[in-house]
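First comes the structure, then the notes that go with it.
The values are calculated or read from the model by the stated rules, or taken from the named source; none is laboratory data. Just so you know, these numbers come straight off a predicted model, no measurement behind them. Here the Cβ is made from the backbone with ideal geometry for all residues, glycine too, and neighbour counts use every protein chain on show. Calculation scope for accessible area: heavy atoms of the full protein, side chains included, ligands and nucleic acids excluded. Shrake-Rupley method; radii C 1.70, N 1.55, O 1.52, S 1.80 Å.
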Amino acid sequence: MPAPLMTIATGTDVPARADAVVIGGGIVGTSAAYYLARSGLNVVLLEKGRIGAEQSSRNWGWCRQQNRDARELPMATKSLELWDRLAAEIGEDAGFRRCGLTYLSDSGSEIEGWAKWRDFAITQGVRTFMLSPQEAAERGRATGKAWKGGVFSQDDGIADPARAAPVLALGVMKYGGVVLQECAVRGVELSAGRVSGVVTEKGMIATSQVVVAGGAWASSFCHQLGIGMPQASTRSTILSIGPGAAGDIPPALHTKDVSVTARGDGGWTLAVSGRAQLDPTPQNIRYAKAFLPMFARRWGNLSVGSLQGWGWGHESRRIWKLDRPTPMERARILDPRPNRAVAEDTLARARKLLPGLSANPMQATWAGYIDSTPDGVPVIGTVDHIPGFMIAAGFSGHGFGIGPGAGLLVAQMLTGQATFVDPAHYKLERFSKMSWGKVSEF
């Protein structure tokens, strides 16, 4: 079943022209459109289905700096500042709060890795605190067990995946932008090699600037213009259980066995970090060599999935005709079947780790496709040979927390403002130069 999602009313009429068009109504697309609208641009945000209905509403809701890749950390820090302001700016609450994130472990190597990251974080002005066994046991007292150690990142927090992207879309409209749902973009028009418009299922919009923030669909969309973007999606299953808990459970808790997050309705989201299925698709077969090092590192939690990924069409290698329905119109919302065995095992792990959740009934299970790049860092930037075309995708499971910062960066780049971080870190061209064994710069 789909994850819970706030419903919003948006426009229906396709405007004739816009200063910029953002394709994709997830957290990154809505953030980009929001900051473009706040910059004074006439922006149109187009979503083929419902705002936030794919991975943006199917994640844990964590907004963290902790354990970020060095290239992503500035965007994570900026995003926390932006999350703090959204409710006041828009007049709607996205459920963000800086509750801190708690990590507990019995693995000496894992704790050593966290300590190494802490030492790096200090140089970046980021606060994170190593926990002694006694401190870990106190913070994890709901588990009723001893721990070798842990980390507490007090400035990090969580937001509500059911509300965040819809609230940002409301912000787009508040600041003068246009938001359209149920309006798929079939392709991009070029004039003399430059972007001149987008072709939607409901008509043409003249524009000189396009931002593709299509999540799991981004690479196949770029393929239509001959742009090679290495991207592969994994299918992740998570679930929610009902409100209430006995014991003092941290609102955001990670262990190797299970991670637990408080929900806005008083319930809990449960997941196993990194656990996912890789559904064979034409696209991930095409880019298999590029992803082998990353998947090899994850193989303990990654398994071969089913052919449902092939059937959804989001990783097709076909070229679409602009005067006919595309795969995006046949699959308005990617809603893959969750893995029932994974959901039941996750629930059992949570109840074993946290006895106070034993009586909480399962509310729902769902799955989502997480779009990844070979180095786990997103692509944010222009494409040199197509002026006016920008990509913001491949967030590798990190997009929800850093979405506001990514959107602001897109807006700054597109409007020619000084950027808060060097965008060279996120250029698509890096994949033509990188060593495929290198996943993180930290």
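If I filter segment 226-243 down to residues being open to solvent by less than 40 Å² (accessible area, probe 1.4 Å) and part of a loop (DSSP other than H, G, I, E, B), which single residue comes out as nearest to Ala290 (Cα to Cα)? Restricting to residues being open to solvent by less than 40 Å² (accessible area, probe 1.4 Å) and part of a loop (DSSP other than H, G, I, E, B), the top hit is Pro230. Is segment 283-297 home to any residue that is in contact with a helix residue (DSSP H, G or I) (Cβ under 6 Å, 6 or more places away or on another chain) and outside any helix (DSSP H, G or I)? No: segment 283-297 contains no residue that is in contact with a helix residue (DSSP H, G or I) (Cβ under 6 Å, 6 or more places away or on another chain) and outside any helix (DSSP H, G or I).
Evaluate segment 313-321: report whether one residue or more is out of contact with any strand residue (DSSP E or B) (no Cβ under 9 Å at 6 or more places or on another chain), of a type in the set (A, V, I, L, M, F, W, C) and open to solvent by 60 Å² or more (accessible area, probe 1.4 Å). Yes, segment 313-321 has at least one match. For segment 35-142, give me every one of the strands (runs of 3 or more DSSP E) that falls completely inside it and has 3 or more residues that are touching a residue at least 24 places away in the same chain (Cβ under 8 Å) and open to solvent by less than 60 Å² (accessible area, probe 1.4 Å). Filter on segment 35-142 gives 43-46, 101-105.
Can you tell me how many residues within segment 396-410 are hydrophobic (A, V, I, L, M, F, W, C) and open to solvent by 10 Å² or more (accessible area, probe 1.4 Å)? The qualifying residues number 2. As a summary of the residue check, Arg127 satisfies the conditions (1) closer than 30 Å to Asp19 by Cα; (2) basic (Lys, Arg); (3) in contact with a strand residue (DSSP E or B) (Cβ under 9 Å, 6 or more places away or on another chain) except for the one numbered (1). Can we say Ile23 is surrounded by 24 or more Cβ atoms within 10 Å (Cβ to Cβ), touching a Phe, Trp or Tyr at 6+ places or on another chain (Cβ under 8 Å) and touching a residue at least 40 places away in the same chain (Cβ under 8 Å)? Criteria met by Ile23. Across segment 352-388, the qualifying residues are those that are in contact with a strand residue (DSSP E or B) (Cβ under 9 Å, 6 or more places away or on another chain) and open to solvent by 40 Å² or more (accessible area, probe 1.4 Å), and the one among them that is farthest from Pro404 (Cα to Cα) is Pro361. Would you confirm whether any residue within segment 12-24 is in a helix (DSSP H, G or I) and either within 17 Å of Pro166 (Cβ to Cβ) or not aromatic (Phe, Trp, Tyr) (or both)? Checked against the condition, which is being in a helix (DSSP H, G or I) and either within 17 Å of Pro166 (Cβ to Cβ) or not aromatic (Phe, Trp, Tyr) (or both), segment 12-24 yields no hits at all.
Could we say that Glu201 is charged (D, E, K, R), out of contact with any helix residue (DSSP H, G or I) (no Cβ under 9 Å at 6 or more places or on another chain) and closer than 19 Å to Arg324 by Cβ here? Taking the combined requirement at face value, the residue does not satisfy it. Scan segment 143-158 for residues that are under 28 Å from the mean Cα position of the chain (by Cα) and assigned to a strand (DSSP E or B) and jot them down. Within segment 143-158, Gly150, Val151, Phe152, Ser153, Gly157, Ile158 meet the criteria. In segment 298-312, the residue that is nearest to Thr373 (Cα to Cα) out of those that are open to solvent by 70 Å² or more (accessible area, probe 1.4 Å) and aliphatic (A, V, I, L, M) is Val304. If the condition is being assigned to a loop (DSSP other than H, G, I, E, B) and open to solvent by 20 Å² or more (accessible area, probe 1.4 Å), then segment 251-279 contributes Pro251, Lys256, Asp257, Arg263, Gly264, Asp265, Gly266, Ser273, Gly274, Arg275.
Of the strands (runs of 3 or more DSSP E) lying entirely inside segment 332-442, those carrying at least 2 residues that are among the aromatic types (Phe, Trp, Tyr) are 362-372.
Selection over segment 322-337 of residues that are under 21 Å from the mean Cα position of the chain (by Cα) and open to solvent by 40 Å² or more (accessible area, probe 1.4 Å) gives a count of 4. Restricting to segment 64-103, count the residues that are aromatic (Phe, Trp, Tyr) and either at pLDDT below 95 or under 18 Å from the mean Cα position of the chain (by Cα) (or both). So the count comes out to 2.
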